[in-house]
Every structure is written in structure tokens, then in C-alpha cells.
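Here the structure comes first, spelled out in C-alpha cells, and everything after it is commentary.
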Amino acid sequence: MLYSLYELGHLSVAPLRIAALMQSTVLRSAMNPMVDTEVSRTAAAASDLFESVTRRYRKPEWNLPTTVVNGVDVPVTPKAVWSSPWCNMLHFERDADVLKSARGDKADPAVLLVSPMSGHYATLLRDTVSAFLPEHEVYVTDWSDARMVPVLAGRFDLNDYIDHVMAMLRALGPETHVIAVCQPGPLVLAAVALMAEENDPCTPATMTIMGSPIDARKSPTAPNKLAETRDIEWFKQNMIHSVPGLYPGVFRRVYPGFLQLASFMGMNLSRHVDAHNAYFQNLVKGDGDSTDKHRLFYDEYLAVMDLSEEFYIQTLVEVFQEYTLANGTMMHRGRRVDPSKITKTALLTVEGENDDISGIGQTQAAHDICSNIPEAMRSDYIQPGVGHYGVFSGRRFRTEIYPRVRDFMRSFKSASSRKKPALKVVEA
């Protein structure tokens, strides 16, 4: 019912939003004799603000048409090279001819960036992808919005997520490097542990885990405490709703993205209010650079996706209530997940000093449970002065974190003998 009411509210305000757009256009028209007056600028700014806070934000574009290699602009095309109803693995394919002319026949390491399935789209990692592109073959998990997946496609839970990660690593082949950003950390670690136990040749060369709740008991944050203080029935009754008839996933039970967004914004409500107030003032002043930065951020931040009920509930139970990976009781399809089986995959953990989602120590816990990785094959880094998003995006990520991750990966496997995998689009 809540989901349907949300959609009804969005539809009911649509005429007002259209009127606001028309008013803004008229007020900013060169034909308007009052276009340069404060009254006209203020009214236009109010119209723009109303439109932005009532708009439905769709999945953003990647907008990474090129990368720069040795000073040469190399065209980039994202292509799906592995797919299931729940995920596309995208390869950010660099133009082979231009790339060769820029730096010869050098082979670059393959990196699988496992994006969060926690409410935002994979495009949240745009900055991460951009940083890796000049020196790597970059692959990204582009998870599907649960409201867009028909019920006939079946369920999707933690076991399926782990299966997906293992399948993509096998598709990429040996010597791949895997990076888990935020939410997927425990599940990527589980996938690597299972592959290591099988002595799978496609077990990754290195595993980097960034800002992730490997052990959410350490330095608990507001989201951690909320998960602990409510029983699972409360979450099922208050957070799970049925997809309405407007979408392909009609009748699927989901954790709606708009609820996740409300939770995110509630954590720092005053900051968002101040940001929108500054946006209004900058619109009035005509400060185009500041308003463009605001739009860029919120076009991404306000675009959200739904999660399947079973994935959301299992994540709450196993990661934030029972801590099954950290205490050694996680099971995957009848098998116990044993991180101590990892012996040949190097481990790097990265945390942000001011992270208010995954507190200090939660990611470092990976070193405790991966007890048989040699000391020479492990490293930990805490980035001063950044919060959760600064761990994988922004200036400090590009100038301080990315170089450490790159150098760590190259310390354990050379790409010189690695052949580019002959991938084609396949259905899982």
C-alpha cells in the first residue's frame, strides 16, 4: 500500500512540476522584460527548486566517453559481457587501435569492481571507474533494480549474489583483481573463500575491500545500531512492500529505494537542507558552476533502486545482526564459508577516517578472519579526512587512495603474461 501511495503522490504532483518548468522557462526567456530583475530570478529559482525536489530521478548515465592514456584521448564504450536477470557485468572497453598507438602492446590488469547493491545504482562508482580506466581493463557489476525484474525471473538472495560474483570471476579468468566497495565486502570475501577452498584457478590475485561491514560490531554507526535495535519482524512489516502495477516487477516484494533514500537523508538532514538552500541562493545569483555541481551530485544521489525482500532481509540478519562471516557461521548452499582457506589472494583493506556508515575497524576485520594470508600479502590503509563516499570517489580518492590500490595490485601479479579474456555476452 505504501508503495502505491508513493507512486500516487508522485503522479498527483506531476502537473505542478510541469507548471514549474514552464514558469522557469518563461521567466528566464530573453523575451521577458523583467528577466534580469531580482523578483524574476527569485521566482525562477523557486520554480527550479520545486522541480528538482519533486522529480523522479532515473538511472544515471555513465558519461565516460573517453579516458586519457599517455596524453591521448582513448574512446571508451561500456559493453555488457556477462548477464543475468539480476546483473550485467559491464566492460569499459577502450578503443584497441587508439590504445595501442598510445602505449603499445602492453597488457593491462583486469579489475572487477563489485558495486554496492544497497539502494544506489552502479554509476555511483563513476569516479572509481574513471580512475582505473587509463591503466586497467575495468569491469563493473551493474545490478538490476528489483522493481524492473519480473517475478518469473525468480528470487535473489545472498547465495545468488555470491554465485554471481564467482561466475563473473570465472568468466574473467585467472589473474583478475577484485575490488568490493562498501556493501559487497562480506559477500565478495565469501566468494573468494569458496573459490580458494576449491583451489579454483580463477581465484583472484588480489582482493581489495573498501569501507565495508566485514564485522559490523566494531565502531558501530547509526545504521548498525538501527539494525540491532529492531527485530527482523519489524523490518518485514515496515520496510518491505509490493511493487505496484506500473513496473515489470509487479507483485515482487521489495525494500523500496525511496525508503532507503529517506534513511540516508535522515542521517544528515540538516546538511541536505543547507545544500538545497545554497542551491536556491546560487540560482538567484546566477552562479552556474555551483548549481551545476549541486545538480551533478543530487542527480546521482537521488536516483535509487529497489532491493529484493530476501536479499535485504538476509543482509540484515547475517551482516548486521548475527555477524555470521565474522564469527565463522556463514553458510552458502550447505557449505560453511571459511575465510582461512584464502592463502594465495593478497588482501588490501581501505577505510575512511570519518566514515559514518562503516566505522573504523569494520573493514580491517577482514585481516582477522583471513588468518592464513601471509603477512607479506596483506595491507591496511586509513584515509585521513574522508567519509564513506570519499573512500571511492573525489579528489583524495584519485590522488591518495587509488595510487595505493594500483601499486598494491601490481605488487602481486604482473599483467605482462595475461591475455585479454575472449568474453562475449552470455546469460547466467
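The values are calculated or read from the model by the stated rules, or taken from the named source; none is laboratory data. What you are looking at is a predicted structure, and each value in this text was computed from that prediction instead of being measured. As a convention, Cβ positions derive from the backbone with ideal geometry for all residues, glycine included, and neighbour counts pool all protein chains shown.
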- Pick from segment 238-260 the residues that are within 18 Å of Leu226 (Cα to Cα) and assigned to a loop (DSSP other than H, G, I, E, B): which of them is farthest from the chain's Cα centre (by Cα)? Ile240
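Please count how many residues of segment 355-372 are in a loop (DSSP other than H, G, I, E, B), out of contact with any His (no Cβ under 8 Å at 6 or more places or on another chain) and not small (Gly, Ala, Ser).
Within segment 355-372, residues that are in a loop (DSSP other than H, G, I, E, B), out of contact with any His (no Cβ under 8 Å at 6 or more places or on another chain) and not small (Gly, Ala, Ser) number 6.
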- Message: Condition check: in contact with a Ser or Thr (Cβ under 9 Å, 6 or more places away or on another chain), buried (at least 24 other Cβ atoms within 10 Å of the Cβ), modelled with pLDDT of 95 or more and in the same structural domain as Thr324 (by TED's automatic domain parsing). Does Pro204 satisfy that?
- Response: yes
- Screening Val98, Val129, Val81, Val74 for residues that are of a type in the set (A, V, I, L, M), modelled with pLDDT of 85 or more, closer than 17 Å to Val181 by Cα and not assigned by TED's automatic domain parsing to the domain that holds His10 leaves only Val129
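Pick out the one residue from Ser263, Ser242 that is of a type in the set (Gly, Ala, Ser), surrounded by fewer than 21 Cβ atoms within 10 Å (Cβ to Cβ) and at pLDDT 85 or above.
Sole residue among the options that is of a type in the set (Gly, Ala, Ser), surrounded by fewer than 21 Cβ atoms within 10 Å (Cβ to Cβ) and at pLDDT 85 or above: Ser242.
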- Scanning segment 385-412 for residues that are outside any helix (DSSP H, G or I) and in contact with a strand residue (DSSP E or B) (Cβ under 9 Å, 6 or more places away or on another chain), which turns out nearest to Leu124 (Cα to Cα)? Phe392
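Would you pick out the residues in segment 195-216 that are of a type in the set (Val, Ile, Thr) and in a strand (DSSP E or B)?
First, pick out the residues of segment 195-216 that are of a type in the set (Val, Ile, Thr): 203, 206, 208-209, 214.
The answer is Thr206, Thr208, Ile209.
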- Taking Cys182 as meeting all but one of (1) at positive phi; (2) touching a Gly at 6+ places or on another chain (Cβ under 8 Å); (3) without any contact (Cβ under 8 Å) to a residue 40 or more places away in the chain, write down the number of the exception. (3)
